[in-house]
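Bear in mind that the values in this text are calculations on the coordinates, not laboratory data. Keep in mind it's a predicted model, so treat the numbers as computed, not measured. Cβ placement follows ideal geometry from the backbone for every residue including glycine, while neighbour counts extend to all protein chains displayed.
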Amino acid sequence: MKLIEFAEKYNVKVKKLEGESVIPGRKVKRNNGLYPAANPRYPVDCLLGHIFEYSSSRMGLVFMPRRPKLWTVLRKRMLAAGFEIRQNGDWEGSATFDPADSAQARLAIELIGARKKRQASEAQLKNLARLRTVNTSSNSSIKPPLTPVESLETSRGLEGVGGMVESPKPPIELGIAALESSAIS
């Protein structure tokens, strides 16, 4: 089973990590003085772990907790579920599992804290479809009013998003007679 198929089946996110597709785990706080990073030079020391494609029939799991006892406890739990431990360190390790076995796959996802993809509800999909029909309809009372460019003109130029833009028209100058006639009416 490929990693993409695995991610779709269990509805988890896939990201690129150093050019390779992985299922990232939960992020761990970097500045934890009580338990420093297991390997400070490893570029993903802020992740609890990740799942990767080990072979055509196996998935790999890298687990890097900040607490030394956590790896020993979880290693025993993985062995009981049928994982094969490939690397066993003091604080971290890696294991392989069968992606076709749903119990092993769910345990691997739970151990690293992989995030599920967000699913839209039926109500959200209906609302989205309704908004699409409103925006494409010919009903002008629903569409937002369009402001003509002439109404944006001032005596200094056009009011643009990025600031003032020079106007091709000269500023409008009203004479005293025009002001008096507008004041009378």
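Among residues other than S102 with Cβ under 13 Å from its Cβ, the summed charge is -1 (Lys and Arg +1, Asp and Glu -1). The residues neighbouring L125, those whose beta-carbon lies less than 14 Å from its own, together hold a net charge of +3 under the Lys/Arg +1, Asp/Glu -1 convention.
Per-residue packing, averaged as other Cβ atoms within 10 Å, sorts the ranges 62-72, 13-23, 120-130 into the order 62-72, 13-23, 120-130, beginning with the highest.
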